[in-house]
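What follows draws every value from the coordinates through simple rules; no lab data is involved. These figures come from a predicted structure and were not determined experimentally. Cβ coordinates were reconstructed from backbone atoms using ideal geometry, including for glycine residues, and neighbour counts include every protein chain displayed.
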Protein chains: 2
Amino acid sequence: MDAAAGTKADEIALALEEAIVSGDLTPGLVLRQEQLSERFGVSRTPIREALRRLAALGLVSFVPNRGVRVRTISRDELREAFVVRAELESLATELATLRMTAEDLAALEAAERCFSELTLRIRGGGSANDRGLVGEWVRANHAFHDVIYSAAAAPLVERLAKGARRTFLGQAVWAAGTEIDELYERNDLQHRAIQAAIAARNPQGARVMAREHVLASGRLLEAILDQVEARSRPRRRPRRSAA
Amino acid sequence: MDAAAGTKADEIALALEEAIVSGDLTPGLVLRQEQLSERFGVSRTPIREALRRLAALGLVSFVPNRGVRVRTISRDELREAFVVRAELESLATELATLRMTAEDLAALEAAERCFSELTLRIRGGGSANDRGLVGEWVRANHAFHDVIYSAAAAPLVERLAKGARRTFLGQAVWAAGTEIDELYERNDLQHRAIQAAIAARNPQGARVMAREHVLASGRLLEAILDQVEARSRPRRRPRRSAA
DNA sequence: TCTGGCATACTTGGATCCAAATTAGCCGAT
DNA sequence: ATCGGCTAATTTGGATCCAAGTATGCCAGA
C-alpha cells in the first residue's frame, strides 16, 4: 500500500509491520530469523533486511548478537506518542483546511458517514466485544484521518503522523476497552466538529479541535489501560472480594 | 553516539549517514554496493543492511532492482521539513521549559555562550567562507538545540526533530550562503530569547519563540537557495549584463 | 541442595555463490 | 543515418556456507 513491493524484503517488512500493529505479534515476542524464513518461504537474507527496516522504523528493538523483539512501549512512551501525534495532527488539519478541494471535502464527508455508521452499529447492537467489528471501526477511524493527511498534501507530516499512530497500535488495548461507549460517541462528535471547521475554512479552529481530539483519545486510552491493569493486577493476590 | 555499534551494518549506516548529512555524498549520487563494500572493507551483506536502514530513515531512495541513490529533496519538501521541525521544536521547547533542571539550564547557557562566540568569530573575522569554521558553527547551533531536546526528556520528539533537521542538511547550501551576516546575528539573538524564556519558566513564550526561530531559519534558507539558483541558472544563457 | 565453571547447542553476523533483472553496446534493417 | 531488437556485461536480490558470540545444560565442589 505504501510503496516498494518489488523485493521480498520489502513485502516481508510490510507483512511483519501489519502483523505487529494488528497485535498478531505481541510486544516482547522475540523474532527468530530462521523461523520467520520458513514462515515466509525465503532464506534468512531478506528476513534480516526486513528486520533492519522495522528496527529503523522503531517497531522492533535490535540487540546486536541477541536477536530482535517486538518493541514494548512504556506508559511514558505512549503518552509521548499521543502528544506528538496531537502536534502533527494539528499541523495536518490546518494545512488540510487551507488546501482542501471539493473532492477532498466530499471524501471527508464520506469517510465521516462511514465512521458514523460503524459507531452506530457498535453502540446500537451492543456487540461491542465483537473483535471484527471493532477492527472495522478502527480502520474507519484511520480512514477519516487519512483523508485529512491526503488533503494536507504534506508527505512528511503524513509519514510521521502515521508512524506515531502505529506506535500505540499493536498494544491490543483498544479491544480491551470496547465496553466504553464514551469512546465511540465522543470520537464521532469530534470528527464531525473537525469536519465542520474544515468545511468552514477555519484553519485555526480545525487545528485546536484536531489537537483536542487526539489528546482526548490519548487520555481515554490511558484510562482504559488503568482499568485493564487494575483488573489484571490483583491476580497475583488471589483474595478477591467477588469471584 | 546514537546506539548500536556492535555490528558492522550499524556502524556503516552511521558512517554513511554522517557522510550524507555532511554533504560528502552529494544528493542524487548512486551508491554502488560493491564499491561501498571495498571502501569499508566488508562484504556486500552488511552494506545492504545499512542501506536498508538509511532507506527506512528516508536518507536514500531505494529503487528495487536499480540501486539506491542519495535522496534529492525538492523545494516543497524543504519547506515542509521546516514546518514540521517548527512544530516539533515548539513542543520540545515547551516540554523543556516545564522540565528543565538547574543543570540543564547551565548546559543551555554554556551552549549558548559557545555558539555566541562562534558567531562573533565568524562575523568579526570576516572569514565567513571558511568551511571549517562554518561547520563548527553549525555543530554549535545543533548543540544548543540538543540541550533543549535532552531537557525535554522526550525521546520520540528528539528522534523526529533530529530526523527533520537531517533532512535539510546535506544539501550543502549553508556554505553557499555564508556571506549572509543576517543569518548568524539573528540566530544568536533568537537563541538568547529562547534561553531567556526558558529560564523565566514561560513555556508558551518559549514555544512561540522556538517556532518563530525555526520558521525564520527556513525562510532564510529559502532565500539563500533562491540567491544561489539565481546566480547559477543564467549560465545556460551566457548573455549577462555585466561580466 | 545450591552455586560456579565448563562444554555444547543454538542463533546471529558476515562472506561467498548463484540467479534474475537491468543497462549498455552492437548489429541489422529501413 | 537512425531506429529497433538482440546479446553481453554489470548490478542487484536471494541462497547457502562459515565464523563468532550467546545461551543452555551438565557436572563438580562446597
Next item on the list: Enumerate the amide H contacts of A:R69 below 5 Å, restricted to partners 5 or more residues apart or on another chain; note that Pro and chain-start residues carry no placed amide H.
Entry: A:L31, A:S61, A:V63
Notebook entry, point to check: Straight-line reach from B:K8: which lysines have a Cα under 30 Å away, not including same-chain ones fewer than 8 places off?
Noted result: A:K8, B:K162
Item checked: Three principal axis lengths of the stretch A:49-94 [C-alpha, angstrom, descending] -> 44, 24, 11
Next item on the list: Treat each spin label as a single point 7 Å out from the Cα along the C-beta direction, and report the A:L29 to B:E136 distance in nm.
Entry: 5.4
Next item on the list: Determine the shielding of peptide A:216-224 by partner chains: average, over its residues, the number of Cβ atoms on other chains within 10 angstrom of each Cβ.
Entry: 0
Checklist line | Top positive-direction residue, dipole computed over the protein assembly as shown with Cβ charges, set A:A50, B:L189, A:F115 | finding: A:A50
Item checked: Under the span-like rule (Cα at least 24 Å along the axis, Kyte-Doolittle mean at least -1.0), DSSP H helices of chain A -> A:75-99, A:102-125, A:131-152, A:181-199, A:203-232
Notebook entry, point to check: How big is the stretch B:65-122 in terms of Cα radius of gyration and Dmax, in angstroms?
Noted result: 17.8, 54
Notebook entry, point to check: Dividing the alpha-carbon Rg of chain A by 2.2 N^0.38 Å yields what?
Noted result: 1.10
Checklist line | Estimated dipole of the protein assembly as shown in Debye, rounded to 20 [Cβ of Lys and Arg +1, of Asp and Glu -1, Cα centre] | finding: 900
Item checked: At 1.002 mPa s and 20 °C, Stokes diffusion of the stretch B:1-139 via Kirkwood alpha-carbon radius, µm² per second -> 118
Margin query: Given the -39500 (n - 2.57) contribution per DSSP H run of 4+ residues, what per-residue ellipticity at 222 nm results for chain A, rounded to the nearest 500 deg cm²/dmol?
Written below: -23500 deg cm²/dmol
Item checked: Neighbouring partner chain Cβ atoms per residue of B:51-58, average, 10 Å criterion -> 6
Notebook entry, point to check: What's the Cα-based Rg to Rh of the protein assembly as shown, Rh via Kirkwood?
Noted result: 0.99
